1. Highest first, please rank the peptides 58-65, 84-91, 169-176 by the mean number of other Cβ atoms sitting within 10 Å of their residues.
2. Going by C-beta contacts inside 10 Å, put R82, R129 in order with the fewest on the left.
3. For segment 1-88, compute Rg over Rh where Rg is the Cα radius of gyration and Rh is the Kirkwood radius from the inverse mean 1/r over Cα pairs.
4. Would you mind computing the Rg to Rh ratio of the chain from its alpha-carbon coordinates, Kirkwood style for Rh?
5. Near the amide H of L91, under 5 Å away, which other amide H atoms are found, from residues 5 or more places off or on another chain, if H is placed in the peptide plane?
6. Please give the calculated 222 nm ellipticity per residue for the chain, where each DSSP H segment of at least 4 residues contributes -39500 (n - 2.57) and the sum is spread over every residue; nearest 500 deg cm²/dmol?
7. What is the order of L149, L182, fewest Cβ neighbours within 10 Å to most?
Amino acid sequence: MEKLTGLKKIKTAVFISGVGSNLKNIIKFSKLKKSPISIDLVVSNTNLAKGLKYADQFKIKKKIFNSKNFIETEKIILILLRKEKIKFICLAGFMKILSKGFIKKFDGKIINIHPSLLPKYKGLNTHSRAIKNKDIFAGCTVHYVTEKLDSGKVVMQKKIKIAASDNSISLSKKILKQEHKLYPAAIMKIFN
Ligand code: GRF
């Protein structure tokens, strides 16, 4: 990843679909002097995403897409990203799969956070799968987004022990806490 030269932060968009706790966390991080990125756009594929409130709260431009034709929607998003001079994208609980064409346009500039120790448990229901398999460890991963789901190069991972008393809800809470530390650390790692 290119080195940061001047004092300018890299204009970044965060894509969400849900609660947005990672979005909130990344926005807070982006306000720190040491942050290499600024959050300039929030994109959601649904107006039901609770996280959209953080765009309002922090006065960040937001764009909501409800279109069923996502390929067409992607074209509009790309135009918007260009207009806003967005150079980096963080997916944070974004539930749509981006097309090969879209990813190619932002090659090596899209990262995602996934609640498992990739390559284990790509896709959904990661916590219940880890518990069902009686895994000793679980965790989260920040990785580059490629056309293969949850398969791009790992930037950073955090591993935690699964307690005997854990269920998928308690485990997801524990891991989410770690996600909030990992995502900023991974962004720092990429740009430093
Ligand atoms: C997180 O667990 C993230 O790893 C996964 O979706 C969840 C999003 O949570 N991709 P939030 O919307 O950031 O609170």
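We did not get these values from a lab; they are worked out from the coordinates using the rules stated. What you are looking at is a predicted structure, and each value in this text was computed from that prediction instead of being measured. With ideal geometry, Cβ positions are generated from the backbone for all residues, glycine too; neighbour counts draw on all protein chains shown.
1. So the peptides 58-65, 84-91, 169-176, ranked by packing, come out 84-91, 169-176, 58-65.
2. Fewest-to-most Cβ neighbours within 10 Å comes out as R82, R129.
3. 0.99
4. 0.96
5. Amide H neighbours of L91: F15, I111, N112, I113.
6. Mean residue ellipticity at 222 nm (helix-derived): -10500 deg cm²/dmol.
7. Fewest-to-most ranking of L149, L182: L149, L182.
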